[in-house]
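What follows is one structure encoded as structure tokens, with my remarks underneath.
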């Protein structure tokens, strides 16, 4: 057999095994993920959270790890070998989660928010007629009380913060099933399905109320567990999820260096805005310059035209489609831990291709002070930064490239956050560095241009604070109160945002991936500029980056630079 034929066979063997892995493990144990990806044969199924099924998933993961390790990986072509590494890391990350981190044993919110997310995937996109989707929902709802029963069996001494977050979320989840779910299927006409839905939906609401009472009365008083991963598990998670093996102390040095650089730049520009005020006072003034809450979605919408126009006129990146994302309020089960997000259709969704730009609006029962703190995160500067991050040329443009770039199935279904969130965060700085946000391109005058840059820096400081807090909370014993204080004092965030960010960090430990990814992309760009000299093209760099999908930056770097030089 020729080397070329051997390589073709090895590539084919890997692709066939990867297909089996996605079918028999990824979607078989996570049917909601199947629906999200656009595979609708999973729509009527729900995750089985029983201990027996968790053990079955662990066994299946070990079986496929052995099968992949047995392939002739040395014969794969470079791109397929990179996919091979991504799949093996995906398996090892899942095993680390199930066997070591064990959220199924520690996190009550996984169960209640999990079933809510499962219902939402059938509501948000009209990929099939209402009657069909409602039948799938009825099937899932029949299985939901069993999920909450499994929680009673599985949960052992959760961290108190996890139980508190679950209890904070539950009233919104119950309201979601009471109000949002029925209204989403108002155009259903099948009387039998509608009648059955009223029964299953009432049963889910009752089960969630019982779960809430059980968490409050039984679980909360005995929630004395520890959410911290510890240094060894933290380092492994970074290795498997992001292909980053930089020692944690060095990562902290990098984080603090970027934090201090951004603080110094904030102070410099704040002095230009008002020499008589400290940076903190300029920040306080910036926090009050925001749209009214009921105009927030429209304000985001109004940024799209100027962003797109600038991207075209300055040759920033190719935008593969002229269709805009749709602005909407963040779904209830995501509001406690996110301010804004992009929710694109799955890579294999063919019937409903709308992408949703979610924005978390203030709740109607909030105090004036709470609303003011929340809206501080949507000041005139951070609105631009958030639009760039979520839409143009951030997440939404990367989503558009997913199909445009003819990516492998692996790269459509597995992605590293250092690439995906790193790209979106990199764009916030890159667009302003390229000239956006100056008078005539997103700003009315020079003062507003400075406020836009301060908004970008405030967002950068938020991500720097996540970098530090994530490592220090999980590996160095930083307390929740110390984390909140760090977000306020060093990350320049309001107390309510600091609280949300601290809570998020307890269960999203590696949310350092924003800044970490941005720094990796900036270094890749700088190294490529040195290599290509005057022939370097920013648009070509961005387009080529998109062509690699969501692969870890280490893999993107190998493809674009042709070497194994350090990513940081």
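How many residues, within the stretch 166-175, are surrounded by fewer than 22 Cβ atoms within 10 Å (Cβ to Cβ) and in contact with a helix residue (DSSP H, G or I) (Cβ under 6 Å, 6 or more places away or on another chain)?
Looking only at that region, the number is 3.
Which condition number does residue 245 fail, the rest of (1) under 16 Å from residue 510 (Cβ atoms); (2) assigned to a helix (DSSP H, G or I); (3) free of Cβ contacts under 8 Å to residues at least 40 places away in the same chain being met?
Here residue 245 clears every test but (2).
If I ask for residues that are loosely packed, with under 12 Cβ neighbours inside 10 Å and not in a helix (DSSP H, G or I), which ones from the stretch 188-197 would you list?
Matches in the stretch 188-197: 189 only.
The rows are residues; the columns are (1) at pLDDT 95 or above; (2) assigned by TED's automatic domain parsing to the domain that holds residue 101; (3) buried (at least 21 other Cβ atoms within 10 Å of the Cβ).
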| position | (1), (2), (3) |
| --- | --- |
| 132 | yes, yes, no |
| 152 | yes, yes, no |
| 155 | yes, yes, yes |
| 178 | yes, yes, no |
| 186 | no, yes, no |
| 199 | yes, yes, no |
| 212 | yes, yes, no |
| 216 | yes, yes, no |
| 220 | yes, yes, no |
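Looking at this structure, is residue 128 out of contact with any strand residue (DSSP E or B) (no Cβ under 7 Å at 6 or more places or on another chain), in contact (Cβ under 8 Å) with a residue 12 or more places away in the chain and assigned to a helix (DSSP H, G or I)?
no
Yes or no: residue 545 free of Cβ contacts under 8 Å to residues at least 60 places away in the same chain and outside the structural domain of residue 382 (by TED's automatic domain parsing)?
no
If I ask for residues that are without any contact (Cβ under 8 Å) to a residue 40 or more places away in the chain and part of a helix (DSSP H, G or I), which ones from the stretch 281-293 would you list?
If the condition is that a residue be without any contact (Cβ under 8 Å) to a residue 40 or more places away in the chain and part of a helix (DSSP H, G or I), then 281, 284, 285 are the ones that fit.
Look through the stretch 385-400, keep the residues that are in a loop (DSSP other than H, G, I, E, B) and within 13 Å of residue 316 (Cβ to Cβ), and return whichever of them is nearest to the chain's Cα centre (by Cα).
Among residues in the stretch 385-400 that are in a loop (DSSP other than H, G, I, E, B) and within 13 Å of residue 316 (Cβ to Cβ), the one nearest to the chain's Cα centre (by Cα) is 394.
What's the total number of residues in the stretch 402-416 that are at pLDDT below 95 and assigned to a helix (DSSP H, G or I)?
Of the residues in that region, 3 qualify.
For every residue, the table says whether it meets (1) modelled with pLDDT of 95 or more; (2) over 24 Å from residue 394 (Cα atoms); (3) assigned to a helix (DSSP H, G or I).
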{"site": "429", "(1), (2), (3)": "yes, no, yes"}
{"site": "437", "(1), (2), (3)": "no, no, no"}
{"site": "447", "(1), (2), (3)": "no, yes, yes"}
{"site": "451", "(1), (2), (3)": "no, no, yes"}
{"site": "458", "(1), (2), (3)": "no, no, yes"}
{"site": "463", "(1), (2), (3)": "yes, no, yes"}
{"site": "468", "(1), (2), (3)": "yes, no, yes"}
{"site": "483", "(1), (2), (3)": "yes, yes, yes"}
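Tell me, yes or no, whether the stretch 266-279 has at least one residue that is under 27 Å from the mean Cα position of the chain (by Cα), in contact (Cβ under 8 Å) with a residue 24 or more places away in the chain and assigned by TED's automatic domain parsing to the domain that holds residue 506.
Scanning the stretch 266-279, I find at least one residue that is under 27 Å from the mean Cα position of the chain (by Cα), in contact (Cβ under 8 Å) with a residue 24 or more places away in the chain and assigned by TED's automatic domain parsing to the domain that holds residue 506, so the answer is yes.
Please list, ordered by residue number, the helices (runs of 4 or more DSSP H) wholly in the stretch 13-101 having 3 or more residues that are surrounded by fewer than 16 Cβ atoms within 10 Å (Cβ to Cβ) and over 26 Å from the mean Cα position of the chain (by Cα).
Helices (runs of 4 or more DSSP H) meeting the threshold: 51-69.
The values are calculated or read from the model by the stated rules, or taken from the named source; none is laboratory data. Values in this document were obtained by computation on a predicted structure and should not be read as measured data. Don't worry about glycine lacking a Cβ; one is built from the backbone with ideal geometry, like all the others, and counts go over all protein chains shown.
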